[in-house]
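Enquirer: Sending over a structure as C-alpha cells; questions will come in a sec.
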Amino acid sequence: MRRIHLPEHPLVRALRDRIVRTPRSWKRVFLVALDTTLLLAALWGAYALRLSEWTPAITSERLLLAFFAPIVAIPVFIRLGLYRSVIRYLPEAAIWTIIMAMAIATMSWVIVVFLLEMSGQGIVPRSVPLLYFMLGTIIIGSSRFAAKWILNVGTGMRRDEEPILIYGTGPSAALLARALRGHGNRYVMGLVDDDPANQGRDVAGYRVFPGHQLPSLIERYGIREIVLNLSSLSQETRHSIVSRVTGLGVKVRSIPDLSDIVDGRYIVNQIREIEIDELLGRSFVPPDRGLLANAVTHKTVMVTGAGGSIGSELCRLISGWNPEKLVLLEANEFALYSIEQELSQKTGCQIVPVLGSVTDERLIKRTISSHGVNVVYHAAAHKHVPLLEANTLEGIRNNVFGTLTVAKAAASANVESFVLISSDKAVRPTNVMGATKRWAELIVRHMSTEANNHGTGQTFCAVRFGNVIGSNGSVVPLFKQQIARGGPVTVTDPDMTRYFMSIPEAAELIVQAGALSSGGDVFLLDMGEPIRIGDLAENMIRLAGFNIRRAGTDEPGIAIEVVGKRPGEKLFEELFYDRQNAKDTKHPKILRADASAIGHYELTSALKRLYQAVEGEDEDAAREILFSVIDAERKHKLPYSAETPTILDVQP
C-alpha cells in the first residue's frame, strides 16, 4: 500500500526525532505516568456517566478507590507487555492485549472495592466498573495508536527504517542494539534467544523472545531482516540456527565478532553478510600452533600464485607467524600489487614481490637462490575446468611443467620443504584440470623419491582438498552475483555434489600438513560431507531474503535454472582413490593417502613425450598422453624400470 507523505513542520520533525532517540527507560517512565493519569480520568468519567454529573462529589472513599485503580492496573500492564511494545511499530492486534489488560485490571480493582465495602468504606455503583473498563480500554488504546500516528505522520511509516530482530543476547548484540538506536535505517524490535534463562528478560532495553516465536514475530511486526549474533556458540549450534532462519523469507545477516570490533576490522553497527560456510555445519578444530610455527617461523618462504585466492590467504597466514622473508611469486601484475600492498601495511616481515610465471625456469632458479628460500608453497595453477578443456596445451604447460620447473629448482637449491596445492579433481580425473593436477602429484612424489635416494633430507608433499568458498571461479560468488541481479540462479545439475571449506581453514590446514610431511606424502584435508549444489543455491537465495520461484509459476522470488553439466565436469567429486588406505595423522582434519606404490612408477619418459607434444602444439597427442598415463597409473600398470632415469633430466 502506498504511503502519503504529509508536509510537516520542522519543529514536529525535531520533536519526533528527539523522542526516537530518547532512551527506552525514560519512555517507559513517561508511559506509566501517562497511563496513571488516563486511568484516573477513566474512573472519573465512569462516575460522571453513572451519576449524570460532570463534577461528581469527591469523597475520601472515592479518593481511596481512585488511588487503588492505577496501583492494581500498572503491574498488570507491565506483566502483559504494554510497556515492551515499540509504539511506532505497534500492530493493530495489540488492541486485544489492551482489552485483556484492562479486563484483568478492572477485575482486580473490583476485588479491592469489594474488600473496602466489607470494611465499611462506602459503596460503588455496580455500573461504574463496567464503565471504567470501557473508558479505560478506549483511552489507553487511543493513546497508543495516536502516538503511533504522530510518530509516523509525514514519514509514511518509514523514516527509511526497517524493523529487525537480533538473534542472540551476547555483548555484540547489546552493542549493536545501542548503536542502531536512533541511527541508520534499521529499528530493533527485540532480541531472540533459545536459552530459557534469557527469555522474557530485557537486554539493552529490548525484550528477549524465544526462538520458536520467530515466524509469528516476523508476521506481527513485518520483520525484514534477522541479524545473527552467534560468535560464542559452537559450530553445530550455529549451523542449526542458520538453517532454521534461512527458510523464513527474510534477509539473514551477521554481527562481527567482538574481537573483530576491538581490533578495528569492523565498527559496531557494521552488519556483514552471513558467510555461506556457516551453512555447511563443519566442526571447527583450532590450529596446532606448534605445527604452524615449525613450518614457517624464522624461515624464508616463497608462495607461487601469491595473488590467487588460496595463495593470498597462505600469504596472510604465513606473514602472521614471523617468517624471515616472504617471497610472493605471481604472474598477474594487479594481483601481485594488491597482496603486496596489503601485507606491507600489516606485517613486519620483509615482503618480496616477484612478477613472473612458474614456467620461467631462470626466474624461478634466480628467485630461490638469491633469497635463500627454505619453504615453497606451490599454489600457482590454472583451475577453471571448462577453460582448461578449451585450452589444453596451456593447462598442461602451466600445471604440469610449471610444477616440474618449481620442484626441480627447489631440489637443486636444497629447499627444505616443498608443498604442492592439489585438488580433489586429481582423483580419477575426467578433465584436463584434474589430470594435470594428478601429474603434478606424481611429479612431487618422484621428486621426494629422488631426494630420499640422494639423502638430501628435503621433503616434497602434496595437499589435496575440494572447493574453497569464495575462491576465484567458485560457484558461490557466481550465485551471489546472480541473486543480486534478481536471478535466475544457474546450476549445472542440482544433484551435483561438491566438497567445500573456507579459504582461511584451507590455508591453515595446508601449512600444518606441510609440517607433518616426512616426504612423498599426499595429504587429504577432511572436507566434511559433500554439499548438493541444488541445496546450496536454495540456501543462498533464502539467506538473501528471497523465496524460490518454482518453474512455471509467476510467484515472487528467484528462480533456479538448470543448464546442464559443462565439458569435463563430474557429477560427484572424490578425495580418495581408496578410502580404506587413508591413514590418520596427529591432526584430526588431515589424513595421509597411501601413495607408496607410486614411487616405483617410471614417469620420466612420459614427461618427455608430453613435453614434445606440447612444444609441437599437438593437442590431440598431448591429451592422449595425459590421460593414458593417468589410466595406466590408476590400474598400477605404469612402466617400471629398476634403473629409472632421474626426473631432473627432463627439460621443460
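The values are calculated or read from the model by the stated rules, or taken from the named source; none is laboratory data. The shown structure was predicted, so the numbers you read here are calculated from the model rather than taken from an experiment. With ideal geometry, Cβ positions are generated from the backbone for all residues, glycine too; neighbour counts draw on all protein chains shown.
Enquirer: Show the residue pairs meeting these rules: Cβ distance below 9 Å; 6+ apart or different chains; first residue within the range 370-391 and under 17 Å from N332 (Cα atoms) and in the same structural domain as S422 (by TED's automatic domain parsing); second residue among the basic types (K, R) and part of a helix (DSSP H, G or I).
Expert: If the second residue must be among the basic types (K, R) and part of a helix (DSSP H, G or I), the pairs left are A381/K437; K383/K425; K383/K437.
Enquirer: Which residue out of L292, L314, L355 is of a type in the set (A, V, I, L, M), surrounded by fewer than 20 Cβ atoms within 10 Å (Cβ to Cβ) and either under 30 Å from I531 (Cβ atoms) or not assigned by TED's automatic domain parsing to the domain that holds D424 (or both)?
Expert: After ruling out the rest, the residue left standing is L292.
Enquirer: Just the residues that are in a strand (DSSP E or B), at pLDDT below 95 and not polar (S, T, N, Q), please, taken from the range 326-350.
Expert: Selection gives nothing.
Enquirer: Collect the residues in the range 296-325 that are assigned to a strand (DSSP E or B) and over 13 Å from T347 (Cβ atoms), keeping them in residue-number order.
Expert: T300, M302, V303, T304
Enquirer: Name the residue, out of G514, G519, that is small (G, A, S) and under 15 Å from I590 (Cα atoms).
Expert: G514
Enquirer: May I pose another question? Which residue out of D493, D521 is charged (D, E, K, R) and surrounded by fewer than 21 Cβ atoms within 10 Å (Cβ to Cβ)?
Expert: Going through D493, D521 in turn, the sole match is D493.
Enquirer: Any residue at all in the range 401-410 that's more than 21 Å from V522 (Cβ to Cβ), modelled with pLDDT of 85 or more and either assigned by TED's automatic domain parsing to the domain that holds K589 or buried (at least 22 other Cβ atoms within 10 Å of the Cβ) (or both)?
Expert: Within the range 401-410, one or more residues are more than 21 Å from V522 (Cβ to Cβ), modelled with pLDDT of 85 or more and either assigned by TED's automatic domain parsing to the domain that holds K589 or buried (at least 22 other Cβ atoms within 10 Å of the Cβ) (or both).
Residue-by-condition table, conditions (1) crowded, with 18+ Cβ neighbours inside 10 Å; (2) closer than 17 Å to K383 by Cα; (3) assigned by TED's automatic domain parsing to the domain that holds F418:
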{"position": "I310", "(1), (2), (3)": "yes, yes, yes"}
{"position": "S319", "(1), (2), (3)": "yes, no, yes"}
{"position": "E330", "(1), (2), (3)": "yes, yes, yes"}
{"position": "L336", "(1), (2), (3)": "yes, no, yes"}
{"position": "G348", "(1), (2), (3)": "no, no, yes"}
{"position": "I351", "(1), (2), (3)": "yes, no, yes"}
{"position": "T359", "(1), (2), (3)": "yes, yes, yes"}
{"position": "T367", "(1), (2), (3)": "yes, no, yes"}
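Enquirer: If I ask for residues that are over 14 Å from the mean Cα position of the chain (by Cα) and of a type in the set (S, T, N, Q), which ones from the range 539-559 would you list?
Expert: N547, T553
Enquirer: Filter the range 149-167 down to residues that are modelled with pLDDT of 65 or more and touching a Leu at 6+ places or on another chain (Cβ under 6 Å) and give me whichever is surrounded by the fewest Cβ atoms within 10 Å (Cβ to Cβ).
Expert: Looking at the filtered set, the residue picked out is Y167.
Enquirer: Right, something else. Given the structure, is P429 closer than 21 Å to R566 by Cα and either in a helix (DSSP H, G or I) or touching a strand residue (DSSP E or B) at 6+ places or on another chain (Cβ under 8 Å) (or both)?
Expert: no
Enquirer: Checking R397 against (1) crowded, with 24+ Cβ neighbours inside 10 Å; (2) at pLDDT 95 or above; (3) of a type outside the set (A, V, I, L, M): exactly one of these is not met. Which one?
Expert: (1) is the only condition that R397 fails.
Enquirer: So which residues in the range 549-562 are touching a residue at least 12 places away in the same chain (Cβ under 8 Å) and in contact with an Asp or Glu (Cβ under 9 Å, 6 or more places away or on another chain), if there are any at all?
Expert: Passing the criteria: R549, I560, V562.
Enquirer: Out of the residues in the range 487-502 meeting the condition of being outside any strand (DSSP E or B) and at pLDDT below 80, tell me which one is farthest from M540 (Cα to Cα).
Expert: In this case the residue turns out to be Y499.
Enquirer: Can you name the residue in the range 168-194 that is assigned to a loop (DSSP other than H, G, I, E, B) and closer than 19 Å to V252 by Cβ and is also modelled with the highest pLDDT among such residues?
Expert: Among those that are assigned to a loop (DSSP other than H, G, I, E, B) and closer than 19 Å to V252 by Cβ, it is D194.
Enquirer: Which pairs do you get when a residue that is at positive phi and among the hydrophobic types (A, V, I, L, M, F, W, C), found in the range 139-150, comes within reach of a residue that is surrounded by fewer than 18 Cβ atoms within 10 Å (Cβ to Cβ) and at pLDDT below 75, reach meaning Cβ atoms under 9 angstrom, with the pair 6+ apart or on two chains?
Expert: Nothing qualifies.
Enquirer: Could I ask something else about it? Out of everything in the range 351-371 that is outside any loop (DSSP other than H, G, I, E, B) and small (G, A, S), what residue ends up being nearest to F401 (Cα to Cα)?
Expert: It comes out as S369.
Enquirer: Continuing with this model, one more query. Yes or no: P286 in a loop (DSSP other than H, G, I, E, B), free of Cβ contacts under 8 Å to residues at least 12 places away in the same chain and either on the phi < 0 side of the Ramachandran plot or within 29 Å of the chain's Cα centre (by Cα) (or both)?
Expert: Here the answer is yes, as P286 does meet what is asked.
Enquirer: Would you point out the residue of the range 385-404, among those that are in contact with a helix residue (DSSP H, G or I) (Cβ under 7 Å, 6 or more places away or on another chain) and among the aliphatic types (A, V, I, L, M), that is nearest to E617 (Cα to Cα)?
Expert: My answer is L393.
Enquirer: Restricting attention to the range 509-527, does a residue exist that is farther than 23 Å from S243 by Cβ and of a type in the set (S, T, Y)?
Expert: Yes, the range 509-527 has at least one match.
Enquirer: Right, something else. Go through (1) at pLDDT below 85; (2) small (G, A, S); (3) part of a helix (DSSP H, G or I); (4) buried (at least 17 other Cβ atoms within 10 Å of the Cβ) for G568 and report which single condition fails.
Expert: Just one mismatch for G568, condition (3).
Enquirer: Only one residue in R428, R464 is under 34 Å from the mean Cα position of the chain (by Cα), crowded, with 24+ Cβ neighbours inside 10 Å, in the same structural domain as G372 (by TED's automatic domain parsing) and modelled with pLDDT under 90, so which one is that?
Expert: Exactly one residue qualifies, and that residue is R464.
Enquirer: Next up: Please find, within the range 372-391, the residue that is surrounded by the fewest Cβ atoms within 10 Å (Cβ to Cβ) out of those that are assigned to a helix (DSSP H, G or I) and out of contact with any Lys or Arg (no Cβ under 6 Å at 6 or more places or on another chain).
Expert: A390
Enquirer: For A103, which of the numbered conditions (1) at pLDDT below 80; (2) not assigned by TED's automatic domain parsing to the domain that holds L191 fails to hold?
Expert: Every condition holds for A103 apart from (1).
Enquirer: Of the numbered conditions (1) at pLDDT below 80; (2) buried (at least 16 other Cβ atoms within 10 Å of the Cβ); (3) closer than 18 Å to S254 by Cβ, N198 fails exactly one; give the number of that condition.
Expert: Unmet for N198, out of (1) at pLDDT below 80; (2) buried (at least 16 other Cβ atoms within 10 Å of the Cβ); (3) closer than 18 Å to S254 by Cβ: (3).
Enquirer: Going by the structure shown, is V511 crowded, with 23+ Cβ neighbours inside 10 Å and either in a strand (DSSP E or B) or in contact (Cβ under 8 Å) with a residue 24 or more places away in the chain (or both)?
Expert: When the stated conditions are applied, V511 passes them.
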